[in-house]
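Computed from the coordinates by the stated procedures, all read-outs in this text should not be read as laboratory data. Everything numeric here is computed off the predicted structure, so don't read it as measured data. Note that we place each Cβ from the backbone using ideal geometry, even for glycine, and neighbour counts take in every protein chain shown.
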Amino acid sequence: MRIKPSAIVMALYLIFLMLPIYWLVNMSLKTNTEITSAFTLWPHDLTFRNYRVILTDPSWYMGYVNSVIYVSMNVVISLTVALPAAYAFSRYHFMGDKHLFFWLLTNRMAPPAVFALPFFQLYSSVGLFDTHIAVALAHCLFNVPLAVWILEGFMRGVPKEIDETAYIDGYSFPRFFVKIFMPLIAPGIGVAAFFCFMFSWVELLLSRTLTSVNAKPIAATMTRTVSASGMDWGVLAAAGVLTIVPGALVIWFVRNYIAKGFALGRV
């Protein structure tokens, strides 16, 4: 049977993508001595000690808890703000609407480093430093514009006649929006939630600058694995593996929505 060149290219591409993940898992199952002393394609001295450290040491597993808390808060806040804003942009025309929409997107274009110092001074002044809500609100500056842009595209695909029919049938706007309109754009909500989650989960600069102890995320914890005995490579690799898992689960659940987002040209 003849193998198509496209199949070979795809196989090489998948190997290229999966090799770093395999090597990360491989390192997480080794001792530090084996990692630093020899090149091995699989663990010769298999150990789960690195995962045990992560799951039993509060300084490690609380990083995951903190990350999940502020990421969940950010997704909820971002969607709550973006849904009515996207509806307004998709249904109404007003003076400066295109300029306002463009200005909203420009906030997403700026790097997080630009806002790190202003956020730090502001939160220190009002007592929000080292809290989950501080990181969640800071990430909203980047996630809300992206969510508005994605949702606005999905909402434009819903005919305006549905809105008018619902009003004729006696639906109030909140009831219509929640019971009729939101189910129609459920794929868009899933796509927006996915991108909000991914940015907030992997972002490091703001989450590290705005936290110290009580709300320190796992991304910040992973940068502080150097001790007097050197770098703990095995624990760091295990933390990396566990950090990939939430993102992989989210991608699995919203994979169909993401495909539809590509079809609509908003992803």
Mean separation of Cα contacts under 8 Å (6+ apart) over length of the chain, as relative contact order %: 32
Based on DSSP H runs of at least 4 residues, each adding -39500 (n - 2.57), what is the mean residue ellipticity at 222 nm of the chain after dividing by all its residues, to the nearest 500 deg cm²/dmol? -24000 deg cm²/dmol
List every DSSP H helix in the chain whose Cα atoms extend 20 Å or more along the helix's own long axis and whose mean Kyte-Doolittle hydropathy is at least 0.5. 5-28, 58-91, 113-126, 132-156, 186-202, 233-264
Where a ≥ b ≥ c are the square roots of the eigenvalues of the C-alpha gyration tensor, would you call region 102-240 rounded, which needs a/c under 1.5, or, failing that, prolate if a/b is larger than b/c, or oblate? prolate
What does the charge add up to near Pro111, with Lys and Arg as +1, Asp and Glu as -1, over the other residues with Cβ less than 15 Å from its Cβ? +1
Below 29 Å, Cα to Cα, which lysines can Lys4 reach? Residues fewer than 8 away in the same chain don't count. Lys260
Tell me whether the chain comes out rounded, prolate or oblate; compute the Cα gyration tensor, take square roots of the eigenvalues as a ≥ b ≥ c, and use a/c under 1.5 as the rounded threshold. oblate
Compactness of region 80-183 as Cα Rg over 2.2 N^0.38 Å, two decimals: 1.35
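Please say if region 1-105 is rounded, prolate or oblate, where rounded means a/c under 1.5 for a ≥ b ≥ c the square roots of the C-alpha gyration tensor eigenvalues, and otherwise the choice is prolate for a/b larger than b/c and oblate otherwise? Can you show the working numbers first?
Values: a/c = 4.30, a/b = 1.60, b/c = 2.68.
Oblate is the answer for region 1-105, as a/c is 1.5 or above yet b/c matches or exceeds a/b.
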Charge context of Arg49, other residues only, Cβ under 13 angstrom, K/R +1, D/E -1: -2
Multiplying the sequence separation of Ala88 and Met198 by 0.36 nm and subtracting their Cα-Cα distance, what value in nm do you get? 37.0 nm
